[in-house]
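First the structure, in the form of structure tokens, and then the observations on it.
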């Protein structure tokens, strides 16, 4: 009998160990595929940005987008992951954060750590997404290397500091103010939009965008279909992004990033309802497929802070409101001389701000855990202001220094000719299509006067 | 180059190349940092050269 009990105990222990390992591996698998799906966001940004460019800049735009991804990932390894772990309480370094330093035993293959690599990867993709948000706004005139430095600052330092503050179980915005932003409306989108606005103020509009009397020219995208497909790819990738925003607890209920109970079902309800609300809002406001898809993205971002708690029709309404307002914000900025080629400030900056605010307006009172404050309008407004400033100030300051040093923008005649002809060794459309080849002397920036030239 | 920190898989923890060797990981981390920074520096020079070449071949734009 005693022997049988001993054997039974050994079997139970083996089963428990097996179940524990299965949970660990299922967790790895879940975030692996979230990360893979997030790559689709970059396929989308690539198509979106190239489509939004004029034909003379299409490959330069694509090159810039690819390199933003390529430079953010290693720099996020060098210092981004450590920033997230080190600064949840502000600017003092948290105890234990040395495990996130790039020479730590956790920062590489390790048979006793199945979590760090997969979470680092998911966060590295969030970082690359954040940098890509800025990329589209500045196309056709920013110097590639200036942008890469800005992308590294945004993707591997600024946003992740904001995430440490407001998207971390010990982040001071949550601990002190109950800030709630499960889908990173503020921590990713608002920060990226505000950073982008700071750059745009120093970068200035594309040549030909504004006439001497202040009237505005439409510098038309060379391929609206490519932009629309790109936006849909971004939406696909968002399901990976948002999946990465919930914590898989093997053998127990999901939790959001703050440790509050949540379900992936909640995310499913509200992501789709916010998305469709945004599309309809964009359609009602503009009838323009580019803006309809952009507003679909705004809809998700608008609902993102409360994806875990919204009643789905409310997520739809919040998404639709965001979709109606975002094109108005874009027009407001355009009329004030801010040339945002893809509406990134309106879509991400405004959408993120609206999402954070909506959480305070419509979901105050949700309890927190571990004695932290409940969700409140005050907490959300504090988060909005802090994260907006955190994005805007470095974006503006660094680009101002670059502008003063003369390294922010390409020379005027190069801009007029098109970046592809000067910087890219291949042609985007070498056969069968016409190539727009404006002259540098075109006073309108080569828009109306751009002449189709038969391919050689 | 023997970069393995292991002689057996029994009880293995961190097993990446040069794990546990401050010199080895430090060196390759430095190499990676230099490659990233150097690529941006090289890109800056390349970009400036492209612009200069364009101005030379198209003096009037």
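Just a few scattered comments:
- Gyration tensor verdict on segment A:160-250 (Cα atoms; rounded if a/c is under 1.5, prolate if a/b is larger than b/c, oblate otherwise): oblate
- From least to most packed, judged by other beta carbons within 10 angstrom and beginning with the fewest, A:340, A:213, A:370, A:181 follow the order A:213, A:370, A:340, A:181.
- If you wrap the tightest convex hull around every Cα atom of segment A:35-412 and split its volume per residue, you get 126 Å³.
- Shape call, segment A:278-413: gyration tensor on alpha carbons, a/c limit 1.5: oblate
- Partner chain coverage, peptide A:139-147 - average Cβ within 10 angstrom: 3
- With Cα atoms, 0 to 90° folded angle of helix A:289-304 axis to chain A main axis: 30
- For segment A:297-416, averaging the sequence separation of C-alpha pairs within contact (under 8 Å, six or more residues apart) and dividing by the residue count gives a relative contact order of 22 percent.
- Counting only other chain Cβ atoms within 10 Å of each residue's Cβ, the peptide A:102-110 averages 6.
- Compared with the dominant principal axis of the Cα atoms in chain B, helix B:22-57 is inclined by about 10°.
- Per residue, the average separation of C-alpha pairs within less than 8 Å and at least 6 apart gives chain B a relative contact order of 18 percent.
- For segment A:148-223 versus segment A:342-368, the gap between their alpha-carbon centres in whole angstrom: 14
- In plain terms, the bigger the Kirkwood radius, the slower the diffusion; for segment A:266-328, with that radius from Cα pairs, at 25 °C and 0.890 mPa s, Stokes-Einstein puts D at 236 µm²/s.
- Estimated [θ] at 222 nm from DSSP helical runs (n ≥ 4, -39500 (n - 2.57)) normalised by residues in chain A, nearest 500: -19500 deg cm²/dmol
- Straightening the chain between residue A:216 and residue A:201 buys 3.7 nm, computed as 0.36 nm per residue apart minus the Cα-Cα spacing.
- For the listed peptides A:62-75, A:124-137, a ranking on the average number of other beta carbons within 10 Å per residue, highest first, reads A:124-137, A:62-75.
- The mean sequence distance of close C-alpha pairs (under 8 Å, at least 6 residues apart), as a share of the length of chain A, puts its relative contact order at 21 percent.
- Tensor-based shape of chain B (alpha-carbon gyration tensor, a/c under 1.5 rounded, otherwise prolate or oblate): prolate
- In this simple spin-label approximation, residue A:401 and residue B:56 carry label points 7 Å from Cα along the Cα→Cβ vector, and these lie 3.2 nm apart.
- Geometric extent, Cα atoms of segment A:158-211 - Rg, Dmax (angstrom): 15.5, 51
- Angle between chain A longest axis and helix A:191-203 axis [Cα atoms, degrees, rounded to 10]: 20
- Listed from fewest to most Cβ neighbours within 10 Å, the set A:50, A:417 follows the order A:417, A:50.
- Label point of residue A:236 set 7 angstrom out along Cα-Cβ; within segment A:48-69, no amide nitrogen lies under 12 Å from it.
- Note on residue A:19 and residue A:92: their simple-model spin labels are 4.1 nm apart, each label 7 Å out from Cα toward Cβ.
- Taking every residue in A:416-426 and counting other chain Cβ atoms within 10 Å of its Cβ, the average works out to 2.
Read-outs: derived from the displayed coordinates by stated rules, not from any lab. Source: prediction; values computed, not measured. Methodologically, a virtual Cβ is constructed for each residue, glycine included, from the backbone with ideal geometry; neighbour enumeration extends over all protein chains shown.
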